[in-house]
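Encoded as structure tokens, the structure appears first; notes follow it.
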Amino acid sequence: MENLIFDIDNGIAILTFNRPKALNALNQALLEEFDSVLDQVETNPDIRVLILTGSGEKAFVAGADISELAKMNPLLAKRFATKGQKLFSRLEALPIPVIAAVNGFALGGGTEVSLACDFIYASEKAVFGLPEITLGLIPGFGGTQRLTRLVGTNLARELIFTGKTFSAADALSYGIVNKVCEDGTLMEEVMKTAKAIAKKGSASLRAAKEAIACGKDVDLETGCRFEADAFALCVASSDAAEGTSAFLEKRKAQFKGT
Ligand code: CO8
């Protein structure tokens, strides 16, 4: 691939946005490659956790590629926005945990792709923002929707109307980022968490992820009903038999993901 690096090691896959000269901006070719990486992630049962990060010193992803946006007519722009939205929804719906390791600028589409991950760890030098308004545009890869659901309507309005950038520390205080890591320690911290998650049973991880996703946009009663069904399915899995027996036998569980 020309625009992405994709590595799998011990059940942990790392997708690196790799256009450092353009600060890893998302062009159409990169989105095509992203789509084919998701094909691999969806069909490879050995991948237990996916991490997204950016190559180079400066950027996670500095947004959609502005040189491509500048040439688009409204129909092409709608097609590109819809394509990105579908891709990020597919990323969000992966049956495994996905962590964004935001190592630098995460602007526009960069913030948007990180918001489609399960959670975000950021370097202390990361910079977030939805600056599309300063280009005479608005977020088009789900940013108006995911940011609003995550931080609330009024803060989302302020951030999108001003287009101002904000620091990793601010992102932590807004509840966008789970952890801010000292410069140079981001991947180490992300790997620690990814390895801890990768040891858990994949059937229960999948069920937990689905229960949380299902509950986000429905009333509490509907969400709890879904949780009870997902819980019952977990109880029927061999991972649950192994996890509970291991506890009672005072040994470490060896999950098989079934
Ligand atoms: N697209 C294309 N090229 C970019 C982008 C980008 N988003 N960001 C940076 N680059 C390029 C620069 O043009 C420059 O290239 P060159 O060396 O050939 O001149 C190179 O990367 C390095 O950038 P800078 O020299 O600008 O580096 P600085 O350290 O001075 O500044 C910034 C870094 C602050 C990140 C600055 O590059 C910047 O402001 N970038 C644009 C950020 C932005 O506005 N992002 C939002 C883009 S719009 C978007 O994401 C919409 C998503 C929805 C699309 C819906 C589909 C229709």
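For the residues THR153, THR258, the requirement of being under 19 Å from LEU94 (Cα atoms), of a type outside the set (Lys, Arg) and surrounded by fewer than 16 Cβ atoms within 10 Å (Cβ to Cβ) singles out THR258. PRO131: surrounded by fewer than 22 Cβ atoms within 10 Å (Cβ to Cβ) and either among the aromatic types (Phe, Trp, Tyr) or within 22 Å of GLU158 (Cα to Cα) (or both), yes or no? Here the answer is yes, as PRO131 does meet what is asked. All conditions but one from (1) assigned to a helix (DSSP H, G or I); (2) more than 18 Å from the chain's Cα centre (by Cα); (3) closer than 19 Å to CYS117 by Cβ apply to LYS200; the one that does not is (1). Do we find a residue being among the β-branched types (Val, Ile, Thr), touching a residue at least 40 places away in the same chain (Cβ under 8 Å), in contact with a helix residue (DSSP H, G or I) (Cβ under 9 Å, 6 or more places away or on another chain) and crowded, with 22+ Cβ neighbours inside 10 Å anywhere in segment 7-15? No, segment 7-15 has no match at all. Among (1) in contact with a helix residue (DSSP H, G or I) (Cβ under 6 Å, 6 or more places away or on another chain); (2) under 30 Å from ILE133 (Cβ atoms); (3) among the charged types (D, E, K, R), where does ASP239 come up short? Checking ASP239 against (1) in contact with a helix residue (DSSP H, G or I) (Cβ under 6 Å, 6 or more places away or on another chain); (2) under 30 Å from ILE133 (Cβ atoms); (3) among the charged types (D, E, K, R), the one that fails is (2). When restricted to residues that are within 16 Å of the chain's Cα centre (by Cα), more than 9 Å from the ligand (Cβ to nearest atom) and farther than 14 Å from ASP7 by Cα, segment 53-90 contains 6.
The single residue among LEU23, LEU50 that is under 21 Å from ALA122 (Cα atoms), within 16 Å of the ligand (Cβ to nearest atom) and assigned by the TED database to the domain that holds ALA194 turns out to be LEU23. What do you reckon, is VAL113 surrounded by 15 or more Cβ atoms within 10 Å (Cβ to Cβ), in the same structural domain as LEU87 (by the TED database), more than 30 Å from LYS71 (Cβ to Cβ) and of a type in the set (A, V, I, L, M, F, W, C)? So VAL113 fails the test.
Figure legend. Inter-residue proximity from segment 115-135: first residues in a loop (DSSP other than H, G, I, E, B), second residues acidic (Asp, Glu) and modelled with pLDDT under 95, beta-carbon distance below 8 Å, spacing 6+ or different chains. Indicated pairs: GLU124/ASP183; LYS125/ASP183. When PHE161, PHE166 are checked against the criterion of being surrounded by fewer than 19 Cβ atoms within 10 Å (Cβ to Cβ), over 17 Å from the mean Cα position of the chain (by Cα), within 16 Å of ILE120 (Cβ to Cβ) and within 16 Å of the ligand (Cβ to nearest atom), a single residue qualifies: PHE166.
Return a yes/no flag: does segment 151-173 have any residue that is free of Cβ contacts under 8 Å to residues at least 24 places away in the same chain, closer than 30 Å to ASP46 by Cβ and either assigned by the TED database to the domain that holds GLY63 or in a helix (DSSP H, G or I) (or both). For segment 151-173, residues free of Cβ contacts under 8 Å to residues at least 24 places away in the same chain, closer than 30 Å to ASP46 by Cβ and either assigned by the TED database to the domain that holds GLY63 or in a helix (DSSP H, G or I) (or both): absent.
So, in segment 101-143, of the ones that are polar (S, T, N, Q) and more than 10 Å from the ligand (Cβ to nearest atom), which residue ends up farthest from SER55 (Cα to Cα)? The residue in question is SER114.
The values are calculated or read from the model by the stated rules, or taken from the named source; none is laboratory data. In this text the structure is predicted, and so the values were computed from the model without any measurement. Neighbour counts run over all protein chains shown; Cβ positions are idealised from the backbone, glycine included.
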